Ligand code: S3P
């Protein structure tokens, strides 16, 4: 087993530890689960359409299941049918008031996008979440949605638990994003679907565009204009959504863990099938290639309106680089695993412009700096990024236990580091992994067999 379980007592609490150790090269063909961002949106838009939508390849992770439960509580019917999911929507403007609180678990995407939906419906909803989500800033969506007419009673610091009252009819706004965030963009656009008039979002820096792409698939006219380097996105409500069938491509964020693992474990040669390569999401692969990664893109095609390919990744010695901060929005979730690749590279990798990483499921700059140092890497933490002195291909010493702070991507990144370490890396909990990648451990076993 590459993951060895142990129970250790810290004071009165018992923690289940896992040690990820070297298992040799990663080989064969694997398929990662469906894209998390696309899965959330497929359920939400299906719930807003009148009639039946069918989704194949939906990610059945805890975050997406939290979205499904909330939409059911607001009137949609969502059921599994074989490998597919069927959504019978209620239509725009007719979401029901949920009876109880909507438990968002660990999921920022569920919370912020659903707040957008509720904002322009005449209903009241309470949002709750786990300890990680309850620390994350909601002011970034509260601000624009309040301007549209919704009212909020958040916890101190603009966090969950939070009660909100939507406004029907809401007021259309033109909103320039103060942070590069697809969640904020999507929250405003989703509120705009049931708002009479034109709702506009101005994006100074492009972020993932799954909302715009998929709304078009549901028959909504989404206008996108590029002007002076900015993207101006408009929807005119109220909109009718036409049900449709959606195929969710494999998640490039999940595939990145295996791409990095194969890149740093000598002798690896793996094919990851059906990986989404939307240009607003594929930054990690471009940066890995700049560092010297050996990645082949096989059979480029389209799945569900998104570019997709099978990726063949072979071990290669990487070199440290200065990562252009402009690429950050297209790989915002992949920095933790990029830091692992950097720790094994030859020379220094410098990252900057990453303040947003401090408000993800954990403060990913300090969590990864601490975790990599425990595993034997040379890391300097700066306000807006990490500077990592690579080992030049030598395995990291290993160690732990690493604190994952309820953050799935810290857990998986350090599991990958463990695969390329001398002694293994111990992780305080693998439970958070189920939020986005339920079969991660099985796929590690399969690829290392
Ligand atoms: C997401 C947007 C990103 C990303 C998150 C998913 C989305 O968050 O980190 O995992 O599906 O819109 P931000 O909008 O906060 O950058």
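Where a number appears in this text, it was derived from the coordinates with a stated rule and is not lab data. All figures in this text were calculated on a predicted structure; none of them were measured in a lab. In this analysis, Cβ positions are derived from the backbone assuming ideal geometry, glycine residues included, and neighbour counts consider all displayed protein chains.
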(message) Need one number: nm distance between label points at residue 381 and residue 29, each 7 Å from Cα along Cα→Cβ, rounded to one decimal.
(response) 4.3
(request) Sort out for me the Cα centre separation of the range 274-333 from the range 339-378, rounded to whole Å. (result) 19
(message) Among DSSP bridges having both ends in the chain, what percentage is antiparallel? Round to the nearest 5.
(response) 75
(request) Report the antiparallel proportion of the DSSP beta bridges in the range 369-449 as a percent, rounded to a multiple of 5. (result) 60
(request) At q = 0.09, 0.20 Å⁻¹, work out log10 I(q)/I(0) for the range 139-270 with the Debye formula, treating every Cα as an identical point scatterer and leaving solvent out; two decimals please. (result) -0.36, -1.16
(request) Please order 231, 364 by the number of other Cβ within 10 Å, starting at the fewest. (result) 231, 364
(request) Could you tell me what percent of the DSSP beta bridges with both partners in the range 36-247 are antiparallel, to the nearest 5? (result) 75
(message) Just to be sure I understand: if I project the alpha-carbon convex hull of the chain onto a plane and average over all orientations, what area do I get in nm²?
(response) 19.9
(message) What distance in nm lies between label points placed 7 Å from Cα along the C-beta direction at residue 273 and residue 302?
(response) 2.3
(request) Which order do the peptides 419-430, 347-358, 219-230 take when ranked by the mean count of other beta-carbon atoms within 10 Å per residue, highest first? (result) 419-430, 347-358, 219-230
(request) Could you work out how far helix 62-73 tilts from the main Cα principal axis of the chain, as a 0 to 90 degree angle to the nearest 10? (result) 10
(request) Please build a GNM for the chain, connecting alpha carbons under 10 Å apart, and tell me which residue among 292, 100, 418 fluctuates the most. (result) 100
(request) Compute the relative contact order of the range 139-281 as a whole-number percentage, counting only Cα pairs closer than 8 Å that sit 6 or more residues apart in sequence. (result) 18
(request) Calculate how steeply helix 252-264 sits against the longest principal axis of the alpha-carbon atoms of the chain, using the helix alpha-carbon long axis, and give the answer as 0 to 90 degrees to the nearest 10. (result) 10
(message) Can you tell me the convex hull volume per residue for the range 144-216, based on C-alpha atoms, in Å³ to the nearest whole number?
(response) 98
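Compute the convex hull volume of the Cα atoms of the range 36-247, divide it by the residue count, and report the result per residue in Å³ as a whole number.
Details: hull volume 21.0 nm³, N = 212.
It comes to 99 Å³ per residue, whole-number rounded.
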(request) Pairs of Cα atoms under 8 Å, at least six residues apart: use those to get the relative contact order of the chain, whole percent. (result) 17
(message) Could you work out how much longer the chain between residue 350 and residue 96 gets when fully extended? Use 0.36 nm per residue separation minus the Cα distance between them, nm to one decimal.
(response) 86.5 nm
(message) Cβ neighbours within 10 Å, averaged per peptide: list 249-262, 380-393 in order, most packed at the top.
(response) 249-262, 380-393
(message) Highest mean first, how do 300-308, 269-277, 74-82, 143-151 rank when packing is the count of other Cβ atoms within 10 Å averaged over residues?
(response) 269-277, 143-151, 300-308, 74-82
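Counting pairs of alpha carbon atoms under 8 Å apart in space and at least six apart in sequence, what relative contact order in percent does the range 122-169 give?
52
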(request) Treating the angle as unsigned and between 0 and 90°, give the value, to the nearest 10°, between the Cα long axis of helix 364-374 and the longest Cα principal axis of the chain. (result) 20
(request) Report, to two decimal places, the Cα Rg of the range 269-349 normalised by 2.2 N^0.38 Å (N = number of residues). (result) 1.11
